[in-house]
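Structure first, commentary second.
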């Protein structure tokens with residue numbers, strides 16, 4: 001490790017590299033992806049090290065940049081859709097329009113209550129005319145254990161972790177994120193962005209970096225997951241108004257175009273050069 005080296009640290013966790021680089025006089029670039037770290041004392045320690053050592057801070061959303069500033073020299077660098085994913089999504093568009101039959105509400109998340117899993121079940125319970133699909137970052141055994149003493153409606157389909165999500169996006173009508181704002185704030189929301197590339201209107205929490213993807217009443221809605229009846233009403237509004245749905249769908253797609261691999265590469269080059 002030489003003084004003229006630049007050390008890029010992806011997330012706040014590898015603090016040892018930051019300390020070593022600082023001692024050697026290197027340029028330290030921190031790429032910040034999260035804010036909801038537990039326990040709080042551990043979070044304070046990690047961000048404290050970042051503030052002491054960072055030469056530049058890179059953030060995945062404006063929300064995160066404002067909430068967790070570490071240095072004056074800060075850069076906004078949104079996450080992006082990889083070119084391969086974007087091309088596959090675009091190529092499947094005609095198939096998507098021809099193949100959709102039943103309205104499907106899709107949510108992809110971890111198997112955690114604060115991610116809105118229970119709210120999604122409740123939403124399915126009060127909307128029997130739609131199919132609900134829940135893809136969980138968990139094994140089937142973990143899913144069975146979580147729902148062992150819970151009643152799940154028959155039109156709610158649950159799936160363990162998947163290697164390929166394209167078929168789920170292709171079949172869906174709306175994508176949602178129901179994270180509880182008081183327990184977990186989304187710093188970005190990549191699965192929502194992926195769904196938007198498939199022209200899916202999105203419903204997400206009203207706080208966090210995820211709100212930078214969704215424009216209220218244009219490509220989706222910002223709603224607290226506790227308001228399941230408001231969520232239900234917006235889903236019904238979209239699914240029962242073909243022209244409005246088409247407008248939201250096209251707006252979601254055009255928004256997703258801003259988060260391209262070329263945008264990411266160009267911004268990275270400028271960031272490292274300065």
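Estimate the FRET efficiency between residue 17 and residue 142 by the formula 1/(1 + (r/R0)^6), using the beta-carbon distance for r and 41 Å for R0, to the nearest 0.05.
E between residue 17 and residue 142, to the nearest 0.05, is 0.80.
Viscosity 1.306 mPa s, temperature 10 °C: give me the Stokes-Einstein translational D for segment 193-274 in µm²/s, with Rh taken as the Kirkwood radius over C-alpha pairs.
115
Can you tell which of 80, 45, 120 shows the greatest fluctuation in a Gaussian network model of the chain with Cα springs below 10 Å?
45
Sorted by average packing, counted as other Cβ atoms within 10 angstrom per residue and highest first, what order do 208-218, 136-146 take?
Order by mean packing, descending: 208-218, 136-146.
Could you tell me how many cubic angstrom of Cα convex hull volume the chain has per residue?
Spread over its residues, the Cα hull of the chain gives 140 Å³ apiece.
Treat the count of other C-beta atoms within 10 Å as a stand-in for reagent exposure and order 264, 15 from fewest to most.
Sorted ascending by nearby Cβ count, the order is 264, 15.
Looking at the chain as a GNM with Cα springs under 10 Å, which of 199, 246, 24 has the largest mean-square fluctuation?
24
Report relative contact order for the chain in percent, whole number only (criteria: Cα-Cα under 8 Å, sequence separation at least 6).
17
Which order do the peptides 255-263, 101-109 come out in when sorted by mean C-beta neighbours inside 10 angstrom, highest first?
Peptide ranking by packing, descending: 101-109, 255-263.
Read the figures in this text as sums done on the coordinates, not as results from a lab. Since the structure is predicted, the reported quantities are computational estimates derived from the model, not experimental observations. All Cβ positions, even for glycine, are placed from backbone atoms using ideal geometry, and neighbour counts span all protein chains on display.
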